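The values are calculated or read from the model by the stated rules, or taken from the named source; none is laboratory data. This is a predicted model, so every value here is computed, not measured. Cβ placement follows ideal geometry from the backbone for every residue including glycine, while neighbour counts extend to all protein chains displayed. Protein only, heavy atoms only, side chains kept; ligands, DNA and RNA dropped before computing areas. Shrake-Rupley method; radii C 1.70, N 1.55, O 1.52, S 1.80 Å.
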Amino acid sequence: MNRSSLRLLLPTLGLLFALLIAHATRVEAEDFPTGKIIEKVECRADSSLSYALYVPSNYDSKKKCPVLFAFDPIARGPVPVERFKDAAETYGYIVAGSNNSKNGPWAPSAKAILAMFNDVLERFAIDQQRVYATGFSGGARVACRLGYGLRGQIAGVIACGAGFPVETPPSAPVPFAFFGTAGIDDFNYVEMRQLDRTLDALGGAHRVEIFEGGHAWAPPELCARAIEWMELQAIKSSLRVRSDPLIDALLKKEVERVRAQEAAGSIYPAYVGYSGIAEEFKGLRDVAEFEQKAASLKDSKEVRQALKAEKDQASEERTRSGELQRWRTQLEGRVSAGSSAESEDRTMALADLKRAVADLKKRSDARESTPDRALARRLLNQFMASSYEASMALLDRKEYDRAAANLAVDAEVMPDNWRVLYNLACAYSLKGDKKKAIDTLKKSVQKGLSNVSELESDKSLDAIREEAGFKRIVEGLKAKK
């Protein structure tokens, strides 16, 4: 769907959701088990659409509760529900994760989202002022898009591993509370740190937290902190009844966590933590102590060095990322090099790219967690993700020759990556080159491909499915189990 269509669809979705909210006054009794994840609940209006569900043990149909709608980039509804279930149990949230919304065209996801919203609002007693959205990667961008498209109807967004979509950049006033997360190795790490600064300038209620890890859903303990932060925002904005015991408990928990960081010598994280406490509890408790602590740490040598190192790393990341992309583009433009000069240019670009990727791989394999290792992992993951997305886009457009040529370059640069080899085998199969497809699939198995069910169900391999070589590969994998 193009951008103009997207802009048209979002207001329509917002209007339909507003109508649902306005008429969702009758709550039907449902015999759903509480305190456990239900992996598939079919939408009654369309049984082809479904969502994973968690209903807290204390759910009472006579009392309205908050709801968190979750979006995974590959429609794994149970995954976010699993991540948030402990916090949902503690704070009384219903969590619904779409089994249909995923990266790709917007219209099918919009249909699935509306069906899920409608179904949950009809089945359960929902506090209509406390509707939240969360997502990972492309799903995070969906959640942010909904926050603007359903302006005033989404109280908060928890965005993991990505921020706002290009079509909907943050602008004042941000109509929802925003909690963002990113792994230190996430290729969207710099984006999330920059988004934190942008939201600072815009003045919206927000928090961005970094965890040890890569491009992934936030771990359960961070998901719990996100929900707790949303509880504080709800109290501040009078969306929920003020609870002084809850405020005290959350303050105590945060202070203990940050003081432990400081005691362990993690001065910069402690500075960020004290600053966060001062901001989050302002107006709820006296935060002068934490403001003073943050101010004193800000002037410390450790914090000044950390801020400078972060700025320097961001600059290096932009430079190195640009180099990788330039070499990759040069190779794409010379996949069918004809003249000797073009062939020589391609050889040089390929050598530069292979050398750079090998260096990043070596640095990313370091045992100790350091800023340099994190930078190398982000660059490597970003390169792999962008290469994958470009090749998949070509396959989706049925440009099989170009896809195979690009994937062949990726296979030269990353010869030990079984997924690259598998995708290349699929491209060869789709373009009708059966021999290369089977030969490349063998290499993929040698480098780690082990999922037999993927081989047997992937329609991209239909052209070679009856070939003896393909059958031997499948039989060999089954024999290893």
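Scanning the range 267-320 for residues that are surrounded by 14 or more Cβ atoms within 10 Å (Cβ to Cβ), part of a helix (DSSP H, G or I), free of Cβ contacts under 8 Å to residues at least 60 places away in the same chain and among the aliphatic types (A, V, I, L, M) yields ILE267, ALA270, VAL272, ILE277, ALA278, ALA294, LEU297, VAL303, ALA306. Identify, by number, the condition in (1) more than 20 Å from the chain's Cα centre (by Cα); (2) in a helix (DSSP H, G or I); (3) under 20 Å from GLY156 (Cα atoms) that ARG130 doesn't meet. With (1) more than 20 Å from the chain's Cα centre (by Cα); (2) in a helix (DSSP H, G or I); (3) under 20 Å from GLY156 (Cα atoms) applied to ARG130, the lone miss is (2). Looking across the range 69-96, the residues that are small (Gly, Ala, Ser) and over 14 Å from the mean Cα position of the chain (by Cα) come down to ALA87, ALA88, GLY92, ALA96. Being of a type in the set (Ser, Thr, Tyr), modelled with pLDDT under 90, part of a helix (DSSP H, G or I) and in contact with a helix residue (DSSP H, G or I) (Cβ under 9 Å, 6 or more places away or on another chain) is the requirement here; does SER386 meet it? Spelling it out, SER386 is indeed of a type in the set (Ser, Thr, Tyr), modelled with pLDDT under 90, part of a helix (DSSP H, G or I) and in contact with a helix residue (DSSP H, G or I) (Cβ under 9 Å, 6 or more places away or on another chain).
Kindly evaluate GLY135 against the criterion of being farther than 19 Å from GLU389 by Cβ, assigned to a strand (DSSP E or B) and in contact with an Asp or Glu (Cβ under 8 Å, 6 or more places away or on another chain). Criteria not met by GLY135.
Sub-6 Å Cβ pairs linking a first residue in the range 189-207 that is open to solvent by less than 40 Å² (accessible area, probe 1.4 Å) to a second residue that is of a type in the set (Phe, Trp, Tyr), at least 6 apart or interchain, are HIS206/PHE178; ARG207/PHE179; ARG207/TRP229, ordered by first then second residue.
Every condition in (1) under 18 Å from ARG225 (Cα atoms); (2) in contact with a helix residue (DSSP H, G or I) (Cβ under 9 Å, 6 or more places away or on another chain) holds for GLU316 except the one numbered (1). The set of residues in the range 457-478 that are of a type in the set (Gly, Ala, Ser) and open to solvent by 80 Å² or more (accessible area, probe 1.4 Å) contains only SER457. So which residues in the range 106-131 are in contact with a Ser or Thr (Cβ under 6 Å, 6 or more places away or on another chain) and closer than 23 Å to ALA234 by Cβ, if there are any at all? Listed by number, the residues that qualify are ILE113, MET116, ALA125. Each residue in the range 402-416 was checked for being without any contact (Cβ under 8 Å) to a residue 60 or more places away in the chain and buried (at least 19 other Cβ atoms within 10 Å of the Cβ), and 6 pass. With the structure loaded, tell me whether ALA393 is part of a helix (DSSP H, G or I), of a type outside the set (Phe, Trp, Tyr), under 25 Å from the mean Cα position of the chain (by Cα) and within 22 Å of HIS215 (Cα to Cα) or whether it fails that test. Criteria met by ALA393.
Might you let me know whether the range 387-401 holds any residue that is over 26 Å from PRO105 (Cβ atoms) and in contact (Cβ under 8 Å) with a residue 12 or more places away in the chain? No, there is no match, as no residue in the range 387-401 is over 26 Å from PRO105 (Cβ atoms) and in contact (Cβ under 8 Å) with a residue 12 or more places away in the chain.
The number of residues in the range 335-378 that are open to solvent by 40 Å² or more (accessible area, probe 1.4 Å), of a type in the set (S, T, N, Q) and modelled with pLDDT of 85 or more comes to 2. Taken over the range 38-66, the criterion of being of a type in the set (A, V, I, L, M), assigned to a strand (DSSP E or B) and either under 30 Å from SER238 (Cα atoms) or open to solvent by 50 Å² or more (accessible area, probe 1.4 Å) (or both) is satisfied by ALA52, LEU53.
The residue that is nearest to VAL174 (Cα to Cα), among those in the range 148-160 that are at pLDDT below 95 and small (Gly, Ala, Ser), is GLY152. Exactly one residue out of PRO173, PRO165 is assigned to a loop (DSSP other than H, G, I, E, B), in contact with a Cys (Cβ under 9 Å, 6 or more places away or on another chain) and not small (Gly, Ala, Ser): that is PRO165. Screening THR90 against (1) modelled with pLDDT of 95 or more; (2) over 18 Å from ILE158 (Cβ atoms); (3) open to solvent by 40 Å² or more (accessible area, probe 1.4 Å); (4) not small (Gly, Ala, Ser) leaves a single unmet condition, (2). The lone criterion from (1) at negative phi; (2) at pLDDT 95 or above left unmet by GLY35 is number (1).
Applying a threshold of 7 Å to beta carbon distances and a minimum spacing of six or more residues, or different chains, the list of pairs starting in the range 437-466 at a residue that is closer than 18 Å to GLU412 by Cα and ending at one that is open to solvent by 70 Å² or more (accessible area, probe 1.4 Å) and among the acidic types (Asp, Glu) reads LYS447/ASP416.
When restricted to residues that are part of a helix (DSSP H, G or I), open to solvent by 60 Å² or more (accessible area, probe 1.4 Å) and either within 23 Å of ILE158 (Cβ to Cβ) or modelled with pLDDT under 95 (or both), the range 229-251 contains 1.
Of everything listed in (1) part of a loop (DSSP other than H, G, I, E, B); (2) small (Gly, Ala, Ser); (3) touching a residue at least 40 places away in the same chain (Cβ under 8 Å), the single unmet condition for ALA143 is (1). Scanning the range 67-77 for residues that are in a strand (DSSP E or B) and open to solvent by 10 Å² or more (accessible area, probe 1.4 Å) yields a total of 1. Comparison of THR181, THR168 shows that the only residue that is hydroxyl-bearing (Ser, Thr, Tyr) and buried (at least 20 other Cβ atoms within 10 Å of the Cβ) is THR181.
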